[in-house]
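J.: Let me give you the structure first, and then I'll get to my questions.
Every number in this text was worked out from the coordinates using simple rules, so none of it is lab data. Everything numeric in this text was worked out from a predicted model, so none of it was measured. Note that each Cβ is placed from the backbone with ideal geometry, even for glycine, and that neighbours are counted across all protein chains shown.
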Amino acid sequence: MTHQVHAFEPPERFVAGTVGEPGDRTFFLQARGGGRLVSVALEKVQVSLLAEKLEELLTEAHRRFGVELPDAPAGPSDNEPLDNPVDEEFRVGTLGLAFDVDSATVVIEAIAAGESEVGLDLPDDADDDDIDDEPDDDLDRLRVRLSPQAAREFIDRARRVLSAGRPPCPLCGQPLDPQGHLCPRHNGYHR
């Protein structure tokens, strides 16, 4: 079976965004460049971890390699919605990050969820050696190469997208729906 590698080195635009109302949103990574538009779906926690780990990667690149890091995104922030049409190419199972010292760029790779991520039933006599921890080479992937400035802009937008959801309950931290929620700190009473 053939797989596709959607490579954007660099993209014209690379953003995290959502479709839907808070509480019922679908999160996407979207890359545009060279007349192509690729959107991949992922979980909210994956967007959060990607932004966090990108920040750590930039800090480490500065510490180890002396890469100059921008303080904050220069110019106006990208607050535009995702480009249409938002057609899901695949659902992300694995995210990978790397720093290319030669070009001083960040490489982000989103790999499609394979059978192992979906929940593969293994026979009782299967050894742990039979399970491959590396992402399958037969899976579709989105590969993006960003400058440190573009990575900072991605982090800034991802954090704004994440914070635009439902506000947290001040007692338990779970998201509040417009009609409230059953708070465990109130012994299940509606809050």
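J.: Amide H neighbours of Thr105 under 5 Å, counting only residues 5+ apart in sequence or on other chains, H built in-plane at 1.01 Å?
T.: Asp100
J.: Right, something else. Using unit Cβ charges (K, R positive; D, E negative) and no other charged atoms, how large, in debye to the nearest 20, is the dipole of the range 139-181 about its Cα centre?
T.: 260 debye
J.: With θ taken as phi - 60° and the coefficients 6.51, -1.76 and 1.60, list the Karplus ³J(HN,Hα) couplings across the range 140-148 in order, rounded to whole Hz; mark glycine and proline as x.
T.: 5, 8, 10, 10, 10, 10, 10, 6, x
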